[in-house]
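Nothing in this text is a laboratory measurement; each read-out follows from the coordinates by a stated rule. Just so we're clear, the structure is a prediction, and the values are computed from it rather than from any experiment. Every residue, glycine among them, receives a Cβ derived from its backbone with ideal geometry; neighbour counts consider all protein chains shown.
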Amino acid sequence: MDLFTFIILAILLVGSAMAVVLHPSPVYSALSLVVMMSLLAVYFLFLNAHVVGALQIIVYAGAVMVLFLFVIMLLNLQTESRENQQSEMKTSATILCLVMVAELAFFLGKGGGKLELQTSQQELPAGFGTMQALSERLFTDFVLPFEITSVLLLVAAVGAVVLARRQA
Amino acid sequence: MDPTTLLIDAVLVIFMFALVMQIAPLLLWIERKGSAVLQDRVGANRVSISDIPLFKGKLKKLPFNVGIVNTLIADPIKLFTKEDFIPPGADKLLHTLAPIVALVPALVTMMVIPFGDILIIGGREIELQAARLNVGILYVLAMVSLGVYGVVLAGWASNNRWALLGGIRASAQMISYEIAMGLALIGVVLTYGTLDLQEINRAQGGLILGGLPNWGIFYQPLAFLIFLTAGIAESKRAPFDLPEAEPELISGYFTEYSGAKQSIFMLVDFLESLIVAALITTLFFGGWQVPLLERDGLHFPWGGFMPLPHIVVVIIQVHAFIIKVLFFCWLQIMIRWTLPRFRYDQLMTLGWKILLPLALVNVMLTALVLLIAQNLKI
């Protein structure tokens with residue numbers, strides 16, 4: 001990925017991420033999140049990680065965010081008025097954000113103070129980013145984390161069913 | 001990328017786009033005639049051509065069926081010259097954006113469908129597929145899952161209760177059936193060991209059991225039924241058209257749309273059933289494969305061989321693909337006009353309690369058979 005594409009995408013990505021937080025309407029916030037997820041998928045595509053890019057869209061933009069929108073519409077959430085927001089929350093959020101920016105600046109400064117885009121220089125191994133390469137790693141080197149994650153998801157699914165049953 | 005490759009890619013994309021945009025309006029006519037046949041009517045069969053000044057008095061009755069003129073020429077003119085109305089309480093930006101958001105995923109999905117084998121021009125081999133993707137099936141699923149946004153946004157932005165209900169129904173329905181659809185596809189992916197649609201197509205050449213074409217349906221019949229059902233549900237057509245159920249919701253999510261925008265939603269409906277037909281053709285019915293036809297000509301099972309020129313083979317393959325796709329479009333229209341609409345709880349029961357377990361069973365069975373076959377070979 002060249003620097004020009006990176007900067008254009010980064011501006012759009014950060015802009016849509018900011019819109020998620022700043023836009024008063026919940027529907028617009030959720031839509032900005034969809035745009036952000038899709039732009040992230042574009043990044044993956046540029047980095048030759050085609051499978052991860054496709055999965056990013058299927059899982060986040062296609063499933064999770066649709067459910068978010070579904071809930072927002074079902075509850076008919078209205079545009080939030082600015083006065084209702086608690087000022088303590090705003091202050092603490094600002095402080096936390098500043099701490100994070102300081103941390104980032106510190107660690108980036110440690111690395112020599114200059115940002116380099118290394119992806120274009122590195123030689124990629126053959127078949128990088130394909131389904132075959134990904135699944136080989138997933139089922140050999142990372143088989144234990146993979147299985148643990150699947151058990152975790154199963155627990156969540158069973159939990160959701162149990163909760164729904166109790167209320168019905 | 002050299003200019004020739006770029007030009008070839010552009011031509012392939014334009015070919016696919018033109019093909020899709022020509023079949024979609026034709027489907028509207030097939031739909032009108034098909035519904036008429038099933039309801040014992042004649043259907044669209046006349047056009048008032050004698051009112052046009054040029055033909056006045058000269059033509060009373062045309063020798064052929066001209067109802068198609070209405071569908072292909074008069075209807076689009078009418079739709080695109082109608083008033084475009086945005087209701088006062090609506091969200092103007094999203095109301096305008098929604099049809100485009102619905103249209104784009106439907107159009108780009110078709111680009112990964114292979115419509116022919118290799119075409120050789122001047123020593124250069126061209127894959128007859130607009131976009132050659134290593135992750136073709138995942139791409140299709142991603143685009144299908146994005147298709148729901150147009151509908152949901154249309155429902156929400158209209159500021160109309162019926163439209164909102166339609167949008168909510170659509171999002172729940174499409175998420176539910178996406179799961180069954182994806183799991184049905186896993187069976188196919190297991191069988192062929194690739195996500196590349198062109199590779200899947202290539203693997204379906206030749207004959208099996210002496211006479212049957214080597215098509216995916218004979219390996220994955222259950223996956224075909226699940227995919228067809230989930231596909232019709234994804235394209236929101238009867239018997240799954242609850243998001244636009246007209247006795248309950250007027251017209252569902254596009255109640256507040258008129259003119260060109262409403263016609264875009266109609267177009268998306270047809271594009272989606274076209275996508276389902278194209279995917280079924282590619283995955284289960286050999287895509288561009290024609291039984292006995294190989295790259296150099298016809299090979300008969302008793303050893304006969306009839307050589308055909310390369311260009312003739314390619315033309316036959318592309319037409320075979322189009323005919324198969326049209327057949328499955330027709331099948332969907334027949335299903336639409338045969339079955340009554342589901343109730344909402346029936347819709348959810350079918351998706352979650354019948355199709356999902358069936359798809360899981362299919363995945364397990366396929367994996368088991370493949371495992372046994374692998375072990376026997378070694």
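Figures for the structure shown
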item	result
Average partner coverage of A:46-53, which counts Cβ from other chains inside 10 Å	2
Residues with amide H under 5 Å from that of B:S258, placed H, sequence gap 5 or more	B:F85
Placed amide H near B:E294: partners under 5 Å, 5+ positions off or other chain	B:H299
Fewest-first ranking of A:R166, B:R41, B:R202, using other Cβ atoms within 10 Å as the exposure measure	A:R166, B:R41, B:R202
Average partner coverage of B:141-149, which counts Cβ from other chains inside 10 Å	6
Kirkwood estimate for the range A:11-74, i.e. one over the average of 1/r between Cα atoms, Å	11.9 Å
Ranked packing of B:17-26, A:130-139, most packed first, by mean Cβ within 10 Å	B:17-26, A:130-139
Nearest-ten-degree value, helix B:148-157 long axis tilted from longest Cα axis of chain B	10 degrees
Calculated over the range B:164-244: convex hull of Cα atoms, volume per residue (Å³)	97 Å³
Burial ranking of peptide ranges B:283-289, B:368-374 (average Cβ count within 10 Å, highest at the top)	B:283-289, B:368-374
Nearest 10 degrees, 0 to 90: helix B:161-192 Cα axis against chain B principal axis	10 degrees
Highest-MSF residue in chain B out of B:A98, B:A154, B:A36 [GNM, Cα springs under 10 Å]	B:A36
Spin-label proximity, B:D2 to the range B:123-146 - amide N less than 11 Å from point 7 Å beyond Cα toward beta carbon	B:124
³J(HN,Hα) computed for each position of the range B:218-233 - Karplus, 6.51 cos²θ - 1.76 cosθ + 1.60, integer Hz, glycine/proline x	6, 9, 10, x, 5, 4, 4, 5, 5, 5, 4, 4, 5, x, 5, 5
Cα-based Kirkwood hydrodynamic radius, the range B:304-365, one decimal, Å	15.8 Å
Fraction of alpha-carbon pairs over 30 Å apart in the protein assembly as shown - percent	59 percent
Rounded tilt (10° steps) of B:136-146 against the dominant C-alpha axis of chain B	20 degrees
Scaled radius of gyration (Cα, divided by 2.2 N^0.38 Å) that chain B gives	1.08
Tail weight of P(r) past 19 Å, computed on alpha-carbon pairs of the range B:105-252, percent	62 percent
Value of [θ]222 nm, deg cm²/dmol, for the protein assembly as shown, DSSP H segments ≥ 4, -39500 (n - 2.57) each, nearest 500	-20500 deg cm²/dmol
Ranked packing of B:169-177, B:190-198, most packed first, by mean Cβ within 10 Å	B:169-177, B:190-198
